[in-house]
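Okay, so here's the structure we're looking at.
What follows draws every value from the coordinates through simple rules; no lab data is involved. Fair warning: this is a prediction, and the values are worked out from it, not measured in the lab. Cβ: placed from backbone, ideal geometry, glycine included. Neighbour counts: every protein chain shown.
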Amino acid sequence: MPDSQPRPPGGAMADTPALVLCGARLADGRTVDVRIGGGRIEAVGTSGSLPPGAGAARVDLGGYLLLPAPAEPHAHSDTALTADRTARSPAPYTAEDVQRRATEAALLQLGHGATALRSHVRIGDAQELGRLAAVLQARRSLRGLADLTAVAVPRLLTGLAGADGLAMLRDAVTMGAGVVGGCPDLDPDPTGYVETVLEVAAEHGCPVDLHTEGAEPARLARLAALAGGVPAGVTLGPCAGLAALPAEVAARAADQLAAAGVTVVCLPQGGCGGVERRGTERAGGVRGVAPVRLLRAAGVRLAAGGGALRDMSNPVGRGDPLEAAYLLASQGGVRAADAYGAVSGAARAAMGLPEVRVEAGFPAELLAVRGERIEGVLSLAYSRIVIHRGRVVARTSAVREYCDSAESGAPELPRQGRPGAGP
Ligand SMILES: [Zn+2]
């Protein structure tokens, strides 16, 4: 299991000692050495060509596939890890409790490989801005390990009750929420809600990230029309309701989202508590997922996130990007490489983060997974090494041993068939 205690954050990136990753396999089949310094990839050369200089650390990545690190575009840090306790007693949601769980959840996700996370945090209700303050505190304690961004999620933004929500949303952005979010479908005036969110986002130059099931085509069309004018970009998720619409209606909605440049973050592992899921369940879907093939065919920017991490809406949620990619590949009809792209490159783009490639000059945000090809990595993704800002920040090692067979001792396998690559 990953170490759940945060280690002391490192100093400035420039102080990070050089690191050489040796003998790593790349997705294109090459085996390479990768030299990292100052938080960036400095050089990529054939295996054995980049000897670590004095003072540089060396990590042997023989048997590992080296990939751009995943990012988590849709987390819920404030409710994470509450599924167990709510059965016994209502969650207290004190500041200390939220901060501790947000930190622990981020470390779990970091252990899976997500070096950047975007977390939706409820504001208003009884805690007002307390949950957000606690998540921002967790963000500070994680510095050097993972980058956490908070999305402020107000309850109501229209009518009499909405005035308070709007004031609090402005305070939330001033406090440090980097993204304006919310659930327009839960407001009596969804379009008014979206207009208010876009207004606050425009005032502060923030991106927008809204919850919707997308089950009402007319509402989604209005949203897409409004989203087209937001310079920092609009993200929608989880949009599982789109899957319940007649194919031609869903296809038209997808065209509108594509034309507006909206990114859809789907949640293959089963959604989150941010939206009502009755529509999809009524339509026969067991916790539906957005129609990923249809969205991709229409040219919609599609990323995938983890959603709920062991809270009431998904008590077994893992927050594992490789599992989200696995589900896209195994059930969503997406090629394995594209499925991994949805949780890495597309997720980073949705979060406004710079691109990562395993090439000189790119940020050293990397994930090494035991295995040779992306398909194998998504199938058996146990052993992982996570690199953030040029440092190894998490390492998970799995050991599997088989006992001898009853008949003749160790079973014989042809050399190539041996599970010697290990998990
Ligand atoms: Zn959500």
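In the chain, the sites counted are GluC sites (Glu not before Pro) in DSSP loop states with at most 16 other Cβ atoms within 10 Å, and the longest stretch holding none of them, exclusive of the sites, is 1-275.
When a/c is below 1.5 the answer is rounded, else prolate if a/b is larger than b/c, else oblate, so apply that to the chain with a ≥ b ≥ c taken from the square roots of the Cα gyration tensor eigenvalues. In terms of gyration-tensor shape, prolate. Centre-to-centre, using Cα atoms only, the range 18-32 and the range 354-374 are separated by 9 Å. The order of ASP78, ASP125, going from fewest to most other C-beta atoms within 10 Å of their C-beta, is ASP125, ASP78. Take every Cα pair under 8 Å whose residues are at least 6 apart in sequence, average their separation, divide by the length of the chain, and the relative contact order is 19 percent.
In plain terms, the chain from ALA126 to ALA225 could stretch by 32.3 nm, reckoned as 0.36 nm per residue minus the Cα-Cα distance. Using Cα pairs under 8 angstrom and six or more residues apart, how large is the relative contact order of the range 278-412, in percent? Contact order relative to length: 14 percent. Exposed loop sites were defined as chymotrypsin sites (Phe, Trp or Tyr not before Pro) in DSSP loop states (anything but H, G, I, E or B) carrying at most 16 other C-beta atoms within 10 Å; in the chain the longest segment without such a site runs 1-381.
Residues considered: GLY274, GLY165, GLY55. Largest GNM mean-square fluctuation over the chain, using C-alpha springs under 10 Å, is found at GLY55. Label sites at ARG400 and SER47, each approximated as a point 7 angstrom past Cα along Cα to Cβ, lie 2.2 nm apart. In the elastic network of the chain, a GNM with C-alpha springs shorter than 10 Å, the most mobile of VAL208, VAL44, VAL377 is VAL44. Extension gain, LEU413-ARG252: 0.36 nm per intervening residue step, less the Cα-Cα distance, totals 52.7 nm. The phi torsions of the range 361-369, fed into the Karplus equation with coefficients 6.51, -1.76 and 1.60 and a -60° offset, translate into couplings of x, 8, x, 7, 10, 9, 10, 9, 10 Hz, rounded to whole numbers, with Gly and Pro shown as x.
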